[in-house]
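The structure appears right after this line, and notes come after that.
The values are calculated or read from the model by the stated rules, or taken from the named source; none is laboratory data. Just so it is clear, the model here is predicted, and its values are computed rather than measured. Because the Cβ atoms are built from the backbone with ideal geometry, glycine has one as well, and the counts that use them run over all protein chains shown. Just the protein is used for accessible areas: all its heavy atoms, side chains included, with ligands, DNA and RNA removed. Shrake-Rupley method; radii C 1.70, N 1.55, O 1.52, S 1.80 Å.
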Amino acid sequence: MKVLAKWMVVAALMMVIPEMKAFAETSLQSRINALPVGGTLKLEKGIYHEAIVMNKPMTLVGTKGAIFQTCGSDPAITITGNNVTLKGVKLKQCAASKAKAVISISGDQHHLEDLTISTGNTGIKLTNTVNSSLESINITGRGKENAIDLWQSPHNTFENISIRHVQDGFYMENSDKNSFLHNTIQDSRYGMHIMFSDQITLKGNTSTRNITGAMVMGTQQTLIEKNNLIANNQNVNAQGLLLYDVHHSVIQNNLLSQNRIGMYIEDSSGNQIHDNEVNANFIGAQIRQITKNTIKGNSFIGNVNEIQATDSSDNKLENNYWDAALKLDIDGDGKSNLPYRADPYFLNLTRETPPYQLLFQHPGLTLLQKMLKSPEPLLVTDSAPLMNNRLLEKHPERESNTAQWGISLIMISISLLMIYLGRRKQ
């Protein structure tokens, strides 16, 4: 009986071991490899520590609770080839990971949707990726690397992506004809960082509490429209929108509010800059070395300094609304017959002696500027400022924002007056 029992145990083990071996080999990558072209793999709830490669037309869909958690030197997910779809998963990269990106993409016609990424490295890296779309993605970083990084990747769309605590929200280089729509970037360095890429569309994005809301450099035929660049004032070099070496582009209907500099433009030409609301910034607009641009129909309200300009010529600056301008409409056409002029005296002075920036808006320096006006050819002049802010007719919801700023200033003034009178009584 003992011998029989022993042989039965051996036989049972021989039957189990092959099954155990088959289970061990059924990794996520092996399931992907076994999937037919164009097939769909549903990822069950659980934590996956395996880095995978998706290199054929297929769809990977995660159920709620499907999490990739990797600590190795490879991206958690590498996508190549064409027509790969990835949906509904969370990805966490541990602090010790040496992988350059959580998701690495190359190829054509991919689609990523409904992802949540937490990482100290780059969130999504696109290299030689075309005709792909990314939407409804949440990326949180540790302020060290970019959320989404593009290199030589044209014709892609990025929509409804939320980004926090990264170096740059979107960084792109040599990547033409990409569209960025309705994304939100905050608490980072540059919200959107465009380098040497043409025909870019930035539309409906919100960039707030960054050093720079959007930095656009080395581009032409680009559209920057209906973006909210707000409260980008965390640094002495902060600005809402920075345009450098930008040509033949359209910048329209943007809200630039509560930034250190609302809009900084340098070495740019042939641009249409119109119908932007520039309010409550330290400096509304700062301009250097620009030519043949049209700056028209913009609204400058509640800025400490409306505009500063140097070394610029042959620009068409007209029909903007300046709340600081003296206005007189003699012929009733809605335009003031008194031109509005911006004197670059302070900007030239601080360029030669940077420490003088500490004296900005000092009464003595203001008086000196009035006494020593710059020559007429150096002045930036709006020949016919608007009498009324026409942007309020297009965007009535913004009237409440302007009113709130006015009420806030009045309340602050009353508080300071009460403190002053209280001290006098003591």
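Quick notes
- Each of His155 and Lys42 was given a label point 7 Å from its Cα along the Cα-to-Cβ line. The distance between the two points is 3.4 nm.
- Residue-normalised accessible area of segment 112-250, given per residue in Å² at a 1.4 Å probe: 35 Å²
- Listed values for segment 181-196 are Karplus-derived 3J(HN,Hα) couplings in whole Hz (6.51 cos²θ - 1.76 cosθ + 1.60, θ = phi - 60°), namely 10, 6, 9, 10, 10, 8, 6, 9, 7, 9, x, 10, 10, 9, 10, 6, and x replaces Gly and Pro.
- Neighbourhood net charge (15 Å Cβ-Cβ; Lys/Arg +1, Asp/Glu -1) for Ala66: +3
- Rg/Rg_globular for segment 218-354, with Rg_globular taken as 2.2 N^0.38 Å and Rg from C-alpha atoms: 1.02
- For segment 66-187, the calculated P(r) over all alpha carbon pairs, in 10 Å bins from 0 to the bin holding the longest distance, is 15, 51, 32, 2 percent.
- Overall form of segment 98-150 per C-alpha gyration tensor (a/c, 1.5; a/b vs b/c): oblate
- Residue-level accessible surface for Lys316, protein heavy atoms, 1.4 Å, Å²: 110 Å²
- If you sort Val246, Val304, Val130, Val37 by accessible surface, 1.4 Å probe, largest first, the order is Val37, Val304, Val130, Val246.
- Segment 294-333, accessible surface, carbon-and-sulfur percent (1.4 angstrom probe): 49 percent
- Too-long pairs where the Cα-Cα distance tops 23 Å, listed order kept, from Lys56/Lys98; Lys100/Lys226; Lys90/Lys125; Lys87/Lys177: Lys56/Lys98; Lys100/Lys226; Lys87/Lys177
- FRET efficiency for the pair Ala95 and Leu223, taken as 1/(1 + (r/R0)^6) with r the Cβ-Cβ distance and R0 = 45 Å, rounds to 0.70.
- Of Gly218, Ile251, Phe196, farthest towards positive along the dipole that unit charges on Lys, Arg, Asp, Glu beta carbons give segment 186-265: Ile251
- Förster radius 56 Å - calculated FRET efficiency between Thr294 and Val61 (Cβ-Cβ, nearest 0.05): 0.70
- By average C-beta atoms within 10 angstrom, highest first, the peptides 182-191, 92-101: 182-191, 92-101
- Entries in Lys144/Lys203; Lys292/Lys327; Lys296/Lys335 that, when Cα-Cα distance is taken, lie over 20 Å: Lys144/Lys203; Lys292/Lys327
- With only the Cα atoms considered, segment 129-262 has a convex hull volume of 80 Å³ per residue.
- Extension reserve of the Asp323-Asn128 stretch, reckoned as 0.36 nm per residue once the Cα distance is removed: 65.4 nm
- Rounded FRET efficiency, nearest 0.05, which uses the C-beta distance separating Arg390 from Asp314 and R0 of 35 Å: 0.85
- Given charges at Cβ of Lys, Arg, Asp, Glu: segment 17-122 dipole, positive-most of Leu112, Ile32, Ser97: Ser97
- Translational diffusion coefficient of segment 233-274 (Stokes-Einstein, Kirkwood radius from Cα pairs, 4 °C, 1.567 mPa s): 118 µm²/s.
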